[in-house]
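First up is the structure itself, then whatever we jot down about it.
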Amino acid sequence: MTTRHRVVVGVLVIAGAVAAVRAATVEHSTPASPAEQPGPSASADSRLPTPDSRRRTAWLQTQLVTAPAGTLITVPAGVYHGPFLVARSLHLRGEPGAHLVGDGRTHTVAVQAADVTLEGFEVSGSGLDLGKDHAAIHVTGPRAVIAGNRIHDALHGVYVRQADGARIEGNTIVGTETTLEPVDPMAAAGTPSEGELCEVSLNQNQRGNGVHIWNSSHHVVARNVIRHTRDGVYFSFVDRTEVRDNDIEGVRYGLHYMYSDDNRFEGNVFRDNAAGAAIMNSKHLVLRRNQFLANRSHRAYGILLQTVDDTTLEENRIVGNTIGLFFESGHGNRVVGNTIANNHIGIHASDSSDGNQFTGNNFVGNLHTVETTGGNLTSVWSVDGRGNHWSGAVTVDLDRDGVADLPHRELDLFGQIRRDLPVIGLLAGSPGERLLRFVHARIALPGLPGVTDPAPLVHPTRP
């Protein structure tokens, strides 16, 4: 090889090395496609943008603005910093690890277009202003599908406002229990600097609802898991909607419900809440095969029905609550085949209610089975010759048809006195009270409050 050839080869080697260095530099500084972006590390704070999350966010925001209506947008794993506005009919599908994070000042995702699907995301970081109804996912477009998302650190989970036909299915919604507030630098000597934050507990009444729906109809709310929100599901002026197979625990009201008609609730579990369901000023409802379990506090209810008409409660389990079933100002309702067991008060039936039917129910193991405010003369405790099963009832059945030959009189010896003087409850089960129950079950004693079942069932019913 000549000297000239050696020089040429040396130049080519140096040029190749320089090109390789430049290529490596360009590859590091040029944003990769969204599919190539690495997910956040386990220690990364998702609230703080990084160069990678900025590139991802810019790509997603561009897609939301430019993608044609009807487009399926698959969003890769990683953190995306919002807020996000969906103003086109798009299908957004998050791959495992795709996390939409709000700015803490408004909704994380605002769905304004019709026929939007949002599925498979982790969603967090909404504002916390109840006056502005901030939500992780705020829907004002009809026929939205919100499915399979994991929602946390937000005010409301899913808020639907004047938009019909939403499907809210298979989401996990966890309420915000703490918030960060600035430390007051003047509070005490030696406190942290003014810019530092401390974690403060968020009172339950300051939290949002898991699913909040207002002034709309024809929704499906199904298979959601809701924890530690204010109310699990909140309805106001919502009609012709199905709520089924949801699991709601650790909230104020599992179901908080007003001015909403023609709705069905089936297969839901409301457990360990301040109240399982509070249903008011509504009609034509069906509550079937739900479970209202261990909803306890000083005045907690399994189900509270106030000014509710023409409604069916069928095959529900109302177990271990402070008051199992509370009726006030209810008319023409049917209570059929429910198990009302192990509650402090099984059922409260006020004289402001009339025309209600109770048949095939199991009243078992309640400390006070019935609480009344009078004679309940217009309510019916048997239908077509079949009443209810009462633990402790006299069950003489000579013809063995499953219906006792003697009526059952369920005594409410203390009535409303129990509310004014809670200590009176200590007399429940005392020898004197048991003697009165024994005698009253066989011979009607005049002037004692309670209810009479003319055809009590010998054996408990099974759904």
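The values are calculated or read from the model by the stated rules, or taken from the named source; none is laboratory data. Keep in mind that what you see is a predicted model, and the values were worked out from it rather than measured. All Cβ positions, glycine included, derive from the backbone under ideal geometry; neighbour counts span all protein chains shown.
Suppose we filter Thr229, Thr191 for residues that are in a loop (DSSP other than H, G, I, E, B) and at pLDDT 50 or above; which single one remains? Quick ask: steps written out before the conclusion?
On the way: Thr191 fails: at pLDDT 50 or above.
Just a single option satisfies the conditions, and that option is Thr229.
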Legend entry - Options Arg105, Arg55: the member that is in the same structural domain as Asn224 (by TED's automatic domain parsing) and either over 22 Å from Gly208 (Cβ atoms) or part of a strand (DSSP E or B) (or both): Arg55
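When the residues of region 154-180 are narrowed to those that are of a type in the set (Asp, Glu) and farther than 21 Å from Val75 by Cα, which ends up farthest from the chain's Cα centre (by Cα)? Even if it seems obvious, please write down each step before you answer.
Here is the first cut: in region 154-180, the residues of a type in the set (Asp, Glu) are 164, 169, 177.
Narrowing the set further to residues that are farther than 21 Å from Val75 by Cα leaves 164, 177.
On the way: Asp164: 19, Glu177: 15 Å.
Across region 154-180, the extreme among qualifying residues is Asp164.
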Inset, instruction - Residues being more than 15 Å from Arg55 (Cβ to Cβ), buried (at least 20 other Cβ atoms within 10 Å of the Cβ) and either aliphatic (A, V, I, L, M) or without any contact (Cβ under 8 Å) to a residue 12 or more places away in the chain (or both): count how many of those fall in region 67-88. - result: 1
Legend entry - Total residues in region 257-292, condition crowded, with 17+ Cβ neighbours inside 10 Å, in a loop (DSSP other than H, G, I, E, B) and of a type in the set (Ser, Thr, Tyr): 1
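Tell me, please, whether a residue that is within 20 Å of Ser352 (Cα to Cα) and either part of a strand (DSSP E or B) or under 11 Å from the mean Cα position of the chain (by Cα) (or both) can be found in region 240-256. Break it down stepwise before answering.
Taking region 240-256 as the starting set, the residues that turn out to be within 20 Å of Ser352 (Cα to Cα) are none.
Checked region 240-256: no residue is within 20 Å of Ser352 (Cα to Cα) and either part of a strand (DSSP E or B) or under 11 Å from the mean Cα position of the chain (by Cα) (or both).
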Legend entry - Tally of residues being modelled with pLDDT of 95 or more, among the small types (Gly, Ala, Ser) and under 29 Å from the mean Cα position of the chain (by Cα) across region 27-81: 2
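Do we have Val139 as more than 20 Å from Gly70 (Cα to Cα) and either under 21 Å from the mean Cα position of the chain (by Cα) or buried (at least 18 other Cβ atoms within 10 Å of the Cβ) (or both) here? Before the answer, list the steps.
On the way: more than 20 Å from Gly70 (Cα to Cα): no; either under 21 Å from the mean Cα position of the chain (by Cα) or buried (at least 18 other Cβ atoms within 10 Å of the Cβ) (or both): yes.
Judged against the criteria, Val139 is not a match.
Here are Asn338, Asn316, Asn343, Asn361: which of them is out of contact with any Phe, Trp or Tyr (no Cβ under 6 Å at 6 or more places or on another chain), buried (at least 24 other Cβ atoms within 10 Å of the Cβ) and closer than 15 Å to Arg296 by Cα? Spell out the reasoning first.
On the way: Asn338 fails: closer than 15 Å to Arg296 by Cα; Asn316 fails: closer than 15 Å to Arg296 by Cα; Asn361 fails: closer than 15 Å to Arg296 by Cα.
So the residue among Asn338, Asn316, Asn343, Asn361 that is out of contact with any Phe, Trp or Tyr (no Cβ under 6 Å at 6 or more places or on another chain), buried (at least 24 other Cβ atoms within 10 Å of the Cβ) and closer than 15 Å to Arg296 by Cα is Asn343.
Within the bounds of region 261-270, is there any residue that is modelled with pLDDT of 90 or more, over 28 Å from Val145 (Cα atoms) and not assigned by TED's automatic domain parsing to the domain that holds Arg105?
Initial filter on region 261-270 (modelled with pLDDT of 90 or more): 261-270.
Still in the running and over 28 Å from Val145 (Cα atoms): none.
No, region 261-270 has no match at all.
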Inset, instruction - Tell me, yes or no, whether region 143-156 has at least one residue that is β-branched (Val, Ile, Thr) and either touching a Cys at 6+ places or on another chain (Cβ under 6 Å) or farther than 21 Å from His228 by Cβ (or both). - result: yes
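Suppose we keep only residues that are in a loop (DSSP other than H, G, I, E, B) and among the aliphatic types (A, V, I, L, M) within region 364-397. Which one would you say is surrounded by the most Cβ atoms within 10 Å (Cβ to Cβ)?
We begin by selecting, within region 364-397, every residue in a loop (DSSP other than H, G, I, E, B); these are 365-367, 373-379, 381-382, 384-385, 387-388, 391-397.
Next, only the ones that are among the aliphatic types (A, V, I, L, M) stay: 367, 377, 393-394, 396.
Values: Leu367: 12, Leu377: 8, Ala393: 22, Val394: 15, Val396: 9.
It comes out as Ala393.
Can you find a residue that is surrounded by fewer than 19 Cβ atoms within 10 Å (Cβ to Cβ), of a type outside the set (Asp, Glu) and free of Cβ contacts under 8 Å to residues at least 60 places away in the same chain anywhere in region 320-327? It would help to see each step written out before you state the result.
From region 320-327, those surrounded by fewer than 19 Cβ atoms within 10 Å (Cβ to Cβ) are none; that's our starting set.
No, region 320-327 has no match at all.
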